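J.: Encoded as structure tokens, here's the structure I'll be asking about.
Derivation of every value follows stated rules applied to the coordinates shown; laboratory data play no part. In this text the structure is predicted, and so the values were computed from the model without any measurement. Positions of Cβ are generated from backbone atoms using ideal geometry, with glycine treated the same way; all protein chains shown enter the neighbour counts.
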Amino acid sequence: MSINIPKRPSLGKTIKDVGTGFISKTWARLKGAGLDDNSRIQQATAKWSGRTATRDWRVKLTLPSHSIHKHLLDDNEIMKPLQASNGVFWPVTPAVIVQNSANYNALAQTHSNYPFQAYQNSQVDTISIVGEFPVQNSDDAKHWIATVKFLRTMSKMAFGQSKDKGQPPPIMHLSGYGDHVYNKVPVVINQFSVELRPGIDYISTKQEPAKALGVDKFDQLIIDRNADRLADASWAPTISTVSAMVTPVYSRDTIKNFSLKKFADGSLDTERGIGLV
């Protein structure tokens, strides 16, 4: 006697049936609410666009390509991790606060409840950038040390024994989030701060102790202690907050060629290579 054993449905068919049943129930609820097949409900497909490996949209402060301060990065072992990017960037998306102001003078009139507002000027206030800087290994620690040294350096003028003494702090480029948000905005650093938190671990930039072959544990301990004592090492926190306050600065020539229409349609963001906020 033969026994017919029903064939087990495939996983793909099961998922398809479940999905079809879910969609049918959804349409049934919509029809019950008065929505029929002619309603404006269409299938939509989400798609990422404009994000490629060659486009860097991270928030960063860099030196312009023609800056006279680029020599500060050359042949600098501490800032070596920043030479490829020509500046610093926040590895984790920071909080960026920018405020635009339009200033008016109130002209008080005699026997009037409301003063006249006379326009004076518009300005972009100080931009605040606050972001966390995680450090997970020795290479990250070196990058953190380089970032702190860079921001300290770029907020100081040249004086004393400097060859170019008298030069004010350099003008930086603020970039981030694409072409029409912050694209090479010329800024100066007004304030820089870094928070070294208590109760967290710190990672050394030199983690490999000196090793010798054919020595016992006691001699190796002495070697390790001498290596730690003589090493030129620094320690970076595993997590810290790096903040900077910058102000946009523009030349007379840039302001003279300003066009409100071109600013509104984004043409000025790429026309002259200077970002306007």
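J.: Tally Lys/Arg at +1 and Asp/Glu at -1 over every other residue whose Cβ is under 9 Å from the Cβ of W90; what's the total? Kindly include the intermediate steps, with their values, before the conclusion.
T.: Details: positive: R58, K60; negative: E132.
Counting the neighbours of W90, the net charge comes to +1.
J.: Continuing with this model, one more query. For a footprinting-style exposure proxy, rank M157, M79 by other Cβ within 10 Å, fewest first. Please list the in-between numbers first.
T.: Numbers: M157 13, M79 20.
If I rank by nearby Cβ atoms, fewest first, I get M157, M79.
J.: Considering the dipole of the stretch 56-271 built from charges on the beta carbon (Lys and Arg +1, Asp and Glu -1) around the Cα centre, which of S240, I127, I255 is farthest to its positive end?
T.: The residue sitting farthest along the positive end of the dipole is I255.
J.: Please give me the summed charge of the neighbours of T62: other residues whose Cβ is under 13 Å from its Cβ, Lys and Arg +1, Asp and Glu -1.
T.: On the way: positive: R58, K60, K70, K184; negative: D56.
Local charge sum for T62: +3.
J.: Can you give the charge dipole size of the stretch 56-271 about its Cα centre, rounded to the nearest 20 debye, using +1 on the beta carbon of Lys and Arg and -1 on the beta carbon of Asp and Glu? Please report the intermediate quantities before stating the final value.
T.: Working: 21 positive and 22 negative charges, 120 e Å.
Around 580 debye, computed over the stretch 56-271.
J.: Net charge around F133, counting only other residues with Cβ within less than 10 Å of its Cβ (Lys, Arg = +1; Asp, Glu = -1)?
T.: Every neighbour counted, the sum reads -3.
J.: For S175, S122, S234, what ranking results if the residue with the fewest other Cβ atoms within 10 Å of its Cβ goes first?
T.: Details: S175 22, S122 9, S234 17.
Least crowded to most crowded, the residues run S122, S234, S175.
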